[in-house]
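So the structure is just underneath, and the comments pick up after that.
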Amino acid sequence: MVKPDLPIETARLRLRPYAAADVPDLYALESHPEVHRYLYSEPRDLTQVAERASERTDWVAFRAEGDQLALIVELKETREVIGNVNLHWVSETHRQGEIGYTLHPDHHGRGYASEAAAPLLRVGFEDLGLHRVIGRLDGRNTASARVLEKLGMRREAHLVQNEFVKGEWTDEVVYALLASEWTGASS
């Protein structure tokens, strides 16, 4: 089992497990239409947010392929919840993972997403022993592409109109980073 020491602190952020008390802050995030603009999901109601938060309270360790580490992102100084970040163990055999993040739009453009995601790359490569981590996004989500590039990830694929999402054909862009490329680049 791989269980990182939590909380994880960065210069400005604190990454910690989900808690029941987070539901109001998560509702402000997950009910916001802009948050779901480039995701498969739609804005969630309070009941859905509470269920998701409850489910994620135990997502703090990797025991087997398919597990996820899901953490709340809060401002260290104020403890304000501004988003979440996760690392999914996609394949044990191929040592693959996938990173994801969401931030409330009020906190976009300040470097918080890359600051929150970088420690999860460390967990993936150093603790879990992953060979490769990917990030997937809607091709129109240029802000998320910049986050992945800031993390040192390279754009590997642009799949043109490969998915029908929310009534329209959308492109998918895939970024990736190998453990050998990451070493010493982030922490």
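Read-outs: derived from the displayed coordinates by stated rules, not from any lab. The structure presented is a predicted model; accordingly, all values stated were derived computationally and were not measured. In this analysis, Cβ positions are derived from the backbone assuming ideal geometry, glycine residues included, and neighbour counts consider all displayed protein chains.
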Requested in this report: Place a +1 charge on the Cβ of each Lys and Arg in the chain and a -1 charge on the Cβ of each Asp and Glu, then give the dipole magnitude about the Cα centre in debye, rounded to the nearest 20.
Outcome: 460
Query raised in the report: Which residues make up the longest stretch of the chain that has no trypsin sites (Lys or Arg not before Pro) in a DSSP loop with at most 16 other Cβ atoms within 10 Å?
Result: 80-109
Requested in this report: With a cut-off of 12 Å, note down the residues of segment 114-141 whose backbone N falls inside the zone around a label point 7 Å from the Cα of GLU172 toward its beta carbon.
Outcome: 135-139
Requested in this report: Can you bin the chain into rounded, prolate or oblate? Criterion: square roots of the alpha carbon gyration tensor eigenvalues sorted a ≥ b ≥ c, rounded for a/c under 1.5, prolate for a/b above b/c, oblate for the rest.
Outcome: rounded
Query raised in the report: Spin-label point model (7 Å from Cα, Cβ direction): what's the ALA21 to LYS3 distance in nm?
Result: 2.1
Query raised in the report: HN-Hα J couplings of segment 148-156 from phi, Karplus 6.51/-1.76/1.60, θ = phi - 60°, integer Hz, Gly and Pro as x?
Result: 5, 5, 5, 6, x, 7, 10, 6, 9
Requested in this report: Compare GLU163, GLU74, GLU149 in a GNM of the chain, Cα atoms joined below 10 Å, and give the one with the largest fluctuation.
Outcome: GLU163
**Report entry** Sum of -39500 (n - 2.57) over DSSP H runs of 4+, divided by residues of the chain (222 nm, nearest 500)
**Finding:** -6500 deg cm²/dmol
Query raised in the report: What is the gain in length, in nm to one decimal, between GLU80 and ARG155 on full extension, counting 0.36 nm per residue of separation less the C-alpha to C-alpha distance?
Result: 23.8 nm
Report task. Any aspartates and glutamates with Cα under 13 Å of the LYS150 Cα? List them, leaving off those in the same chain fewer than 8 positions away. Result -> GLU115
